[in-house]
């Protein structure tokens, strides 16, 4: 079984016809639901069989893990929505403009791979979810880039590894360390 998450890239419209459970954007086909990727070589089509996105709306609080970082955005796999009992898992991007109320030059300096982020849903468009960490939101658990030990908060932006003493910056949530709700 080839499991897909919402927003997973499946192919191009030049290669395949977009089937059920997918959407297209700029000639690319993406998963619109969480489920199993189904390739039909006879019809040259791709579909996803699964369940649709739960009923979520802007303003809801989400928790996710940072999967990758670039200069202007980080990729986050959301695994929990505050107040929602059903399991959820979808990919989203956190763009540099939605990180902080103050200027952030490089978003990859504010988040590390594996960090746990608390964010707010900013908008939903075609099952694509944008999140923000402006205000009191941000990293609730961060890990050292050198030794992967959980980091300790020193002030509003600076953190230090208790093991190797490596210093790093993060967009820290007001309730850093409070991961009991996960």
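A short reminder: the numbers here are calculations on the coordinates, not readings from a lab. Everything quoted here is computed from the prediction, not taken from an experiment. Positions of Cβ are generated from backbone atoms using ideal geometry, with glycine treated the same way; all protein chains shown enter the neighbour counts.
Pairwise Cα distances in the stretch 61-169 exceed 19 Å for 42 percent of all pairs.
Once the chain from residue 152 to residue 178 is taken as fully extended at 0.36 nm per residue, the excess over their C-alpha distance is 8.1 nm. Between residue 20 and residue 3, the modelled labels are 2.2 nm apart [label points 7 Å from Cα along Cα→Cβ].
Largest mean-square fluctuation among 148, 170, 43, in a Gaussian network model of the chain whose springs join Cα atoms under 10 Å apart, belongs to 43.
Distance between Cα centroids, the stretch 68-100 to the stretch 128-150: provide it in whole Å. So the separation of the two Cα centres works out to 10 Å. Comparing 12, 22, 92 in a Gaussian network model of the chain where C-alpha atoms under 10 Å apart are linked, the largest mean-square fluctuation is found at 12.
Checking the a/c ratio against 1.5 first, then a/b against b/c, what shape does the Cα gyration tensor give for the stretch 3-51? If you can, show how the numbers build up before the last one.
Details: a/c = 2.15, a/b = 1.21, b/c = 1.78.
Taking the square roots of the gyration eigenvalues as a ≥ b ≥ c, the stretch 3-51 is oblate.
Sorted ascending by nearby beta carbons within 10 Å, beginning with the fewest, 44, 166 become 44, 166.
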